[in-house]
Amino acid sequence: MANTLTKAEDRVEVGHAARLAHVSKSFAGPTGTQLVLDDITLDVAPGEFVTLLGASGCGKSTLLNLVAGLDRPTGGTIETPGGRPALMFQEHALFPWLTAGKNIELALRLRGVPKSERRTEAERLLELVRLGGAYGKRVHELSGGMRQRVAMARALAQDSQLLLMDEPFAALDAITRDVLHDELTRIWRETNVSVLFVTHNVREAVRLAERVVLLSSRPGRIAREWTVDIEQPRRIEDTAVAELSVEITEQLRGEIRRHGQH
Ligand SMILES: Nc1ncnc2c1ncn2[C@@H]1O[C@H](COP(=O)(O)OP(=O)(O)OP(=O)(O)O)[C@@H](O)[C@H]1O
Ligand SMILES: [Mg+2]
């Protein structure tokens, strides 16, 4: 466990990690204004793990970018009282000219960690994602799964109260994804960070989350949500995970049918 990351018991309680009230987002396009998100109201509690599930193009990344502060909503308000959230993308977005360790140190520097502590801390974070020994490796020397782990370590290096993850494991094979699900669950429980995790994979949503929020398409609205009352650690092949996934998939299919996608 990295000792400069805030531990579960040391977190300062805020009322919510994120609060979205009546958020909408439109984009100007060639055929006029397109309403992508409509009236999204959602709270993420401190330490909560929420997955946002929806079909491709329904506005998941748009929503995450708004919460990250990379773009502004057209209407409504977004609060993240715990400070700037950390964001992890589908593609690792590491700096290829830096080593794994230096990528993490950059995030530590931006957080204000003194230079003398950065190397030790970067090595600890690499240990945390089970990549001890990769400090000096360049990005191109790492496999896809290893890159996503470095990206996870870099996101954790920000020590934010809220971690936003946009399909971070979508490009990985099932076994590697399984391992990273376990790692993420473990790290989440150890640090009590709040997580808002975007995916279009129902099983992944159920495997990870305490709450699954289903978005409709065109425009993206909250269609339904489920509390996942299955004990952690879970396995993606657990019967309870499979059963709830079937129910959610039915709803997701309905959403997709309703909006004329296949
Ligand atoms: N900057 C932008 N300008 C114009 N339209 C945009 C912009 N960003 C997103 N959109 C549109 O908003 C809609 C939602 O896009 P978004 O990337 O949020 O979907 P998504 O749910 O993340 O999809 P996927 O699962 O494929 O990643 C799409 O129709 C997209 O074309
Ligand atoms: Mg997306």
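The values are calculated or read from the model by the stated rules, or taken from the named source; none is laboratory data. Note that this is a predicted model, so its numbers are computed, not measured. Quick reminder, even Gly has a Cβ in these numbers, built from the backbone with ideal geometry, and neighbours come from all protein chains shown.
So here's what we get for this one:
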| item | result |
| --- | --- |
| Scan of segment 211-257 for residues that are closer than 19 Å to residue 196 by Cβ, of a type in the set (S, T, N, Q) and not in a loop (DSSP other than H, G, I, E, B), ordered by number | 227 |
| Members of segment 203-252 found to be within 16 Å of ligand 2 (Cβ to nearest atom) and at negative phi, listed by number | 204, 205, 213, 214, 215, 216, 217, 219, 220, 252 |
| Selection from segment 1-46 of residues that are assigned to a strand (DSSP E or B), away from ligand 2 (no atom under 16 Å from the Cβ) and either modelled with pLDDT under 95 or surrounded by fewer than 14 Cβ atoms within 10 Å (Cβ to Cβ) (or both) | 22, 28, 29, 32, 33, 41 |
| Filter result (more than 16 Å from ligand 2 (Cβ to nearest atom) and surrounded by fewer than 16 Cβ atoms within 10 Å (Cβ to Cβ)) within segment 47-74 | 69, 72 |
| Test: residue 85 is away from ligand 2 (no atom under 15 Å from the Cβ) and either of a type in the set (S, T, N, Q) or buried (at least 22 other Cβ atoms within 10 Å of the Cβ) (or both) | yes |
| Residue that is nearest to ligand 2 (Cβ to nearest atom), among those in segment 150-175 that are in a loop (DSSP other than H, G, I, E, B) and within 9 Å of the chain's Cα centre (by Cα) | 167 |
| Index of the failed condition, residue 92 passing every other in (1) at pLDDT 90 or above; (2) in contact with a helix residue (DSSP H, G or I) (Cβ under 7 Å, 6 or more places away or on another chain) | (1) |
| Selection count, segment 106-143, where residues are closer than 23 Å to residue 188 by Cβ, loosely packed, with under 14 Cβ neighbours inside 10 Å and not hydrophobic (A, V, I, L, M, F, W, C) | 1 |
| Long-range neighbours under 7 Å by Cβ, at least six apart or interchain, first residue within 18 Å of residue 18 (Cα to Cα) and in contact (Cβ under 8 Å) with a residue 60 or more places away in the chain within segment 73-95, second surrounded by fewer than 20 Cβ atoms within 10 Å (Cβ to Cβ) and acidic (Asp, Glu) | none |
